1. Scanning the range C:98-107 for residues that are open to solvent by less than 30 Å² (accessible area, probe 1.4 Å) and modelled with pLDDT of 75 or more, which turns out farthest from the other protein chains (Cβ to nearest Cβ)?
2. Could we say that B:S245 is open to solvent by less than 50 Å² (accessible area, probe 1.4 Å), touching a residue at least 24 places away in the same chain (Cβ under 8 Å), outside any helix (DSSP H, G or I) and within 15 Å of B:I75 (Cβ to Cβ) here?
3. For the range A:147-258, list the helices (runs of 4 or more DSSP H) that sit wholly inside it and hold at least 1 residues that are at pLDDT below 80; which are they?
4. If we keep just the residues of the range C:158-208 that are closer than 30 Å to C:G375 by Cβ and aliphatic (A, V, I, L, M), which is farthest from the chain's Cα centre (by Cα)?
5. Scan the range B:157-205 for residues that are under 30 Å from A:I223 (Cβ atoms), open to solvent by less than 30 Å² (accessible area, probe 1.4 Å) and aliphatic (A, V, I, L, M) and report the count.
6. So, in the range A:121-145, how many residues would count as being more than 7 Å from chain B (Cβ to nearest Cβ), open to solvent by less than 50 Å² (accessible area, probe 1.4 Å) and either within 16 Å of B:V278 (Cα to Cα) or of a type in the set (D, E, K, R) (or both)?
7. Restricting attention to the range B:164-171, does a residue exist that is at pLDDT 85 or above and touching a Leu at 6+ places or on another chain (Cβ under 6 Å)?
8. Can you tell me which of (1) polar (S, T, N, Q); (2) at pLDDT 75 or above; (3) open to solvent by less than 30 Å² (accessible area, probe 1.4 Å) is the one A:S117 doesn't meet?
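The values are calculated or read from the model by the stated rules, or taken from the named source; none is laboratory data. Note that the structure is a prediction, hence the values are computed from the model and not measured. Here Cβ is always computed from backbone atoms with ideal geometry, including for glycine, and neighbour counts include all displayed protein chains. The protein model used for the area step is the full one, side chains on, heavy atoms only, and it has no ligands, DNA or RNA in it. Shrake-Rupley method; radii C 1.70, N 1.55, O 1.52, S 1.80 Å.
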Amino acid sequence: MTVKAMNPAASGPKKGPRRLNRFLLEALAVLLVLLVLSPFVIVFFNASKTYDQITLSPAAPPTDLGNLWENITAVFNDPVTDLLGAFIDSALITAVSLVVIIFFSSMAAWVLVRNRSRFSRFAFVLFVAAMVIPFQVVMYPLVYFLKGIGDTLGFRMLGTVHGITFAYLGFGCSLSIFIFHGFIKGIPLALEESATIDGYSQPGIFFKVVLPLLTPTVMTVAILNGIWIWNDYLLPLLVVGGSEVQTIPLAVTTFAGA
Amino acid sequence: MKRSKAWDAVFLGPSLLALTLVVILPFFQGIIYSLTNWNGVRTDVTFVGFANYREMFQSVDFLYSFLITLLYTAINVVLVNVVAFLLALLVTSQVKGRNLYRAAFFVPNLIGGIVLGYTWQFMFNVFFTSVTAQLGLGATSMITSRDTVILGMSIVNTWQYAGYIMLIFVAGIQSTPVEVMEAATVDGAGYFRRVTRVLIPMIANAFTVSLFLTIVNSFKMFDLNVALTNGGPSARFMGQVVNSSQLLTLTIYNKSITTKELAKGQAMSVVLFIVLVVFSLIQVTLGKRREVEA
Amino acid sequence: MATPLNPLPERVKTDKADENGPAGVRLPPSAETTNRQGGKHAQTAVPHPGRPVHPGPGRRPRFAEIELTLYNNKVEISEALQNFAKLYSDKTEGVTVKVESVGGGADYSGNLTAKHTADQLPDLFVIEGDGDYGLWKDYVTDLSGEKWNEETTLAYKDPEGKVVGFPVAIEGFGLGYNVELLKKAGVDPAELTTYSKLEEAFKKIDGMKAELGIDSVLSMAASVSGGTWWVAGHHNFSVYLGGGLEFTDTSVADKFNKGEVEEERLNDYAKYVKLLFDYSDQTVLATGTYDNQLAAFANQKAVFIHQGNWIDPSLKAMNVAFEYDYISHPFNDKQEFKGLYLFAPSFYVINNKISPEKAQAAKDFLSFLVYSEEGADYMVNQAGMVPAFKNVTLQPSGGFSKALVRANAAGGNYGVYFGKLPAGTGQSKLAPIFDVFAQDHSDEGVTFLVADLTKLAQELAAQQ
């Protein structure tokens, strides 16, 4: 998906000053990109240095790229923190949660758009309002809730992948439903009506007609949720913190300061 | 066309169930906790009414944390939106390689809060200071002086978040009709005029969304706070020592977990919620009024 | 809950209560059950090596062996502890010890609470004093009957005198110094027993900075953002709480909790902290991390360092070759200060909600630490700790640890009592107070320091 070649405001005189403007603009853009990406370069430098090199000459480029391999292996082989395991867990949790969120949010959004009852309008408002609730307000009660579910139903939620996935569905569905809702509104009802006439069942209409049309939205929702889940720190700290399941942000804190 | 209520229930059910169990019910539960003296572990819990709230409003560190969060939000919202908007203009202009630039500006958003914080702590404390020291400009780091620490945090957050907001503006800019812009050019409006008088009002909807997101994001800032400054450096406020960059969420976390005064922490988060709702409502309402129908 | 894999066995009457259930009715000892959350323990009365246990949700099947979890809070020893645990597991049939450690800046207490909430409180975990004990007192096991009690006086006792905590190590500190540099500066460490003499020495060394090749006299850190608040907030503050008093005299600490401060003592102490801060590297002081502080001393850029003997392994890793030792903290001129500050900061406790077999395995593990050669080797050589048990005669190799062993034998040391403050006080209240002082340690700053500490005492009293 490319950016359309027009900033409507950027039309102007065709030659002379415009060419200079263009050049300056390009230069500015390149400069900004370098600036923005410089922390990554620094991190790469640091990863390729030994400890005393970092403290004594932080701004200098690395002298021996062999250090990079040494540092990487040291981190992965660290006896205390299982970074590889955390990596796998992070990947697993993110992937499963994404599938769950996209699947159930799109379904729910579709119902909310097409079903015009009072209940459905109330449910939509509920989903949107829930977006404002900061995580901190619910984090502790949530942990005890999940524990309670485990106690009463015998189905352990805390410290498990399915438990944290359920939590992510709860937190992620609001925004996702909001986004899907907007897009589904743009799909003509006539399309679904003709599908009914053609004999599709209700779930069939959704999965075979509506969902394929939502592909770009699915991508957006996947990216938005994926980034947040992968990098999330506070929820995993409380729900799986200290258990066998670990995510990368949690594992990273065991390195810092040591 | 008759809808099957059963299917609707099946489709809507899981999300609604998850939302209720994970967000709604714990929220109300949290309100109840805030009226007790629970500390997270003890078993003898008593109901104390609004005592926690009263104590909170009288405590200097809560007050300070609240004010500093407001300040941070104000600075951050302005910085992020301005930078994001300018980047969006750049990326939708005629420069070659705009797709590359767009991706490059978005990449920082992929870095999570904790890693971000530690990386930038190094940048501020070690890298920048050694550069400025070599240039003879002294060696104080931005995040260890109480006067600049909030700005420092905002810079890091902007670095991470502007790319994301930029995309929202880009989507808005790309959906404005070309004709209106061309008409403005024909009418003799210069670039600056075109942007401020025509473009911005036309993408007012994007601004509403971005303002909402940046306000909420700033208020709820936690990961970066912990990793970058951990609340430090300390400072004096109203005769008491406080942690000068300790935003509300970190204060809540410390109250709940470090000193194990869970109920008080809960009371604070309820207040945080109410403030956030009020802000969002005001902002979205005002925003909606200014939006222009295309 | 009955499942196809795990049919409910019939219930049996018994009159003893243990973790299998309350007295009255419980499951027969031969039943293999996992608790309702699919928890870790296989509750068999007699371990049957070779009999498979039904796997809980999401875990691998194991033979009926015991897996003990130990949650370690000292990042410096994590590797050594991990290796020792493996050694023990290989050596002991049917028992595996799994060690989990927390990173240097992370919140052990917070993580422990999270584990507890998730019903995953480890079998062996660490408490650090009265504050922690207050939180976890319903979860500790009575260890009074253990044999190793004969070898130590530092075990943690509950208010009724029952032993509940196994002292992990003796730790301690004084004011560390580089022997060679001090000699070069012409200062005799044996003389530095009062405030005035120390001040003199500091001034002298400060004037010789270029000659000695140092950046500052002392390497001290008190930064909240650098994660070194505990150096000042816990250890240095202990100078006020216990310096110059009898080893077991907790009167100052107790009074502090009740809102009282000894004014003269506090003023002397504040002046002493100012002395330390004045002669420190200011950057390390206000913003330094643990690594920064150690590096300054290790690279011989500072003559003194304010740290404990736990940095011995780190100094070794930094290839420190010079000799180093401790002097005391002479914070006033009213007496001669020769003692060091000794304490057992952490105690292993055994979770009392686990099965009797696991509890016994845990107790065996602790005994092994004390009585075996491998245990002694681990504690002294690998982890660089000073064991709290007199039967262990192995001498530590690190300079600071050696100093502590000497001091312990000589007597006249002081107790370390920051653990008597309510949980979290150090991190949330003392930390900013010292951080602020680190930024402004002028005479005005001293007044503030005294006022802040006095106010803190009153706050603590109000909370009781």
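1. In this case the residue turns out to be C:V99.
2. Yes.
3. Helices (runs of 4 or more DSSP H) meeting the threshold: A:161-185, A:215-231, A:234-239, A:248-253.
4. Out of the qualifying residues, it is C:V163.
5. 10
6. Summing the residues that are more than 7 Å from chain B (Cβ to nearest Cβ), open to solvent by less than 50 Å² (accessible area, probe 1.4 Å) and either within 16 Å of B:V278 (Cα to Cα) or of a type in the set (D, E, K, R) (or both) in the range A:121-145 gives 2.
7. Checked the range B:164-171: at least one residue is at pLDDT 85 or above and touching a Leu at 6+ places or on another chain (Cβ under 6 Å).
8. With (1) polar (S, T, N, Q); (2) at pLDDT 75 or above; (3) open to solvent by less than 30 Å² (accessible area, probe 1.4 Å) applied to A:S117, the lone miss is (3).
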